[in-house]
Amino acid sequence: MSVSVRALLAGLLVSAGLLGLYTTAGRQPPSAGDSITAADLQREVAFLASDEMRGRLTDTPGNRRAARHIEDRFEAFGLRAVGEGSSYRHPVELLTAVLGAGNTLRLHAGGETETAASPRDFFPAPFSGSAEAAGPVVFAGFGIVAPDLGRDDYRDADVAGKVVLVLDHEPGEFDPDSPFAGVVASERGRALRKALEAQRRGAVAVAIVDDVHNHARRWSLPDLAARAWPRRPPRIPPYQLAAWIRQVRIPAVRISVELAGRLLAPAGYTLRELALRAETPGGAAPVEIQDARLEVATSVRHDLTAVDNVVGLIEGADPGLRHEWLIICAHYDHEGANAAGIFNGADDDASGVAGLLEIAEAYALARDAGARPRRSILLAAWNAEEQGLLGAWAYTEQPLAPLGDTVAVLNMDMIGRSEEVPPGGGYRFAGLPPQTAESNRNAVNIIGHSFSDGLRAATAAANRHARLDLRFRYDNNRSNLLRRSDQWPFLFHRVPAIFVHTGLHPDYHTQRDRPDTLEYDKMARVVRLVYDLSWDLAQGGDRPTFDRPAP
């Protein structure tokens, strides 16, 4: 889907005013950008996506070998080591959850006591703390507090010492004009964030139940439990970000619609009635569920896995501007291998990492020729993107420079093909209209554009050499592409950011995504666009502003 007419008109007006600003402030990038060639990109992709890398799955030998290669290239190009201990590494701590014994839940309602069965009636969330708690029950709608969006599901309610019952997801979930995220679920609806909000307000436990008014029930609670707690370890570990999980101290459980009904009925409520009330703009007042009490005990162990992002800094030449950083990034992990073969991940995202290394070389050549950016530029290769953007999320939790001093983020992910969406392509292409690769042969998608008119204008101005067909689309689209790559954690933190993406195709996340399928001449032009844009933004001038409420 394209942007709305109103947003498009606004963007055109702003672009007209800012186009001259960015071309003037940026001057012309040095001719070192000519070093970005199809042959160099092909060589890098061939190495990163070779069978020897075994798909670069996080925390595997191939993944670590890719990290060392990127590190060596950063060092060879003279990037400053600004990671931990003056290295090129930015640590990422991941956790996997192990279900312990003794998880129990007892319900007291209407003078009756019931011992709930797991997983029929409840199961602990993988992010839950290990603890015991008991208290009266308060229904707090969706459990979301977002002052910038005028939403407070708690109002002035005192939930200290109580168990908070909240709905899954968010209000207006399928409303294109929802202030949260339009037609897809937003970060505000993440269950972990709801648990942390309840804990912050003094709740002793949180129980999460289906938002029955928004969703036809597709999964039973035992089905959901099997997904959260599979009996056999999956090939790809379900990693969680340690920086988040370690904050959760209270029990967090998922309960069935039926159990919620038995909890609410003696007090005269139905779950559907309360769920509809929760859609009140701004949030309805919390409801004390009279004569209802939950006792819950959870036992969840979290095991640590330590991996790294790879980072290197091009230090700005201007003493007054070098504290302001631009980030150019891509992710180096992929899906690994199984018995049938290797997920080489040539387009996803050896292509973006190859572009990152070519940009590093271009800046090194510019430096040697006496041309340096005024602002600093961090080149970052993220890890664990395929597990939920965890490397980029980890950076936003522990940034190397304040996020408030981050001018913009330019993320390259899948930049080596032309978008191709077959008719009836299935869930991987949900929300995208059928289109041929030929129709997109000169096109690149710029996703995240609607959050910063200035960054959109700068991107259009930087297209002077690449002369690509820039497609400003997919920001509010059921495909959820906006939240499927590493610019998203930065947008969530109100940092202007774009996702440079030549599009999905039938080889996406298959073992057919190999180096010989990429379009390297086009890829070189896409990388040149990002290089020119980074040079413009790093040369001073007004910073792009974040023009929308927090996503």
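The values are calculated or read from the model by the stated rules, or taken from the named source; none is laboratory data. If you're wondering where the values come from, they're calculated on a predicted model, not measured in any experiment. Don't worry about glycine lacking a Cβ; one is built from the backbone with ideal geometry, like all the others, and counts go over all protein chains shown. Areas reflect the complete protein model, heavy atoms only, side chains present, ligands, DNA and RNA absent. Shrake-Rupley method; radii C 1.70, N 1.55, O 1.52, S 1.80 Å.
Here are a few things to note about the model shown:
- Residues of region 203-226 include at least one that is basic (Lys, Arg), modelled with pLDDT under 95 and surrounded by fewer than 17 Cβ atoms within 10 Å (Cβ to Cβ).
One line per residue, one yes/no per condition, for (1) modelled with pLDDT of 95 or more; (2) open to solvent by less than 20 Å² (accessible area, probe 1.4 Å); (3) within 24 Å of the chain's Cα centre (by Cα):
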| residue | (1), (2), (3) |
| --- | --- |
| GLU397 | yes, no, yes |
| GLY416 | yes, yes, yes |
| PRO423 | no, no, no |
| TYR427 | no, no, yes |
| GLN435 | yes, no, no |
| VAL444 | yes, yes, yes |
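- The listed residue being small (Gly, Ala, Ser) and open to solvent by less than 10 Å² (accessible area, probe 1.4 Å), out of GLY541, GLY503: GLY503
- Check on ASP516, open to solvent by 20 Å² or more (accessible area, probe 1.4 Å) and modelled with pLDDT under 95: no
- Residue count for region 334-352 under the criterion of being crowded, with 24+ Cβ neighbours inside 10 Å, under 20 Å from the mean Cα position of the chain (by Cα) and over 18 Å from PHE490 (Cβ atoms): the result is 6.
- The helices (runs of 4 or more DSSP H) located wholly in region 1-78 that include 1 or more residues which are modelled with pLDDT under 95 and open to solvent by less than 90 Å² (accessible area, probe 1.4 Å) occupy 5-26.
- Those residues of region 158-179 which are surrounded by 18 or more Cβ atoms within 10 Å (Cβ to Cβ) and more than 31 Å from the chain's Cα centre (by Cα), in sequence order: LYS162
- Screening LEU263 on (1) touching a residue at least 12 places away in the same chain (Cβ under 8 Å); (2) open to solvent by 60 Å² or more (accessible area, probe 1.4 Å) shows it passes everything except condition (2).
- Test: ALA267 is over 27 Å from the mean Cα position of the chain (by Cα) and closer than 15 Å to LEU167 by Cα: no
- Residue match in region 74-82 (condition: touching a residue at least 12 places away in the same chain (Cβ under 8 Å), in contact with a Ser or Thr (Cβ under 9 Å, 6 or more places away or on another chain) and over 26 Å from THR396 (Cα atoms)): no
- The residues on offer are ARG464, ARG456, and the sole one that is surrounded by 19 or more Cβ atoms within 10 Å (Cβ to Cβ) and closer than 23 Å to LYS522 by Cα is ARG456.
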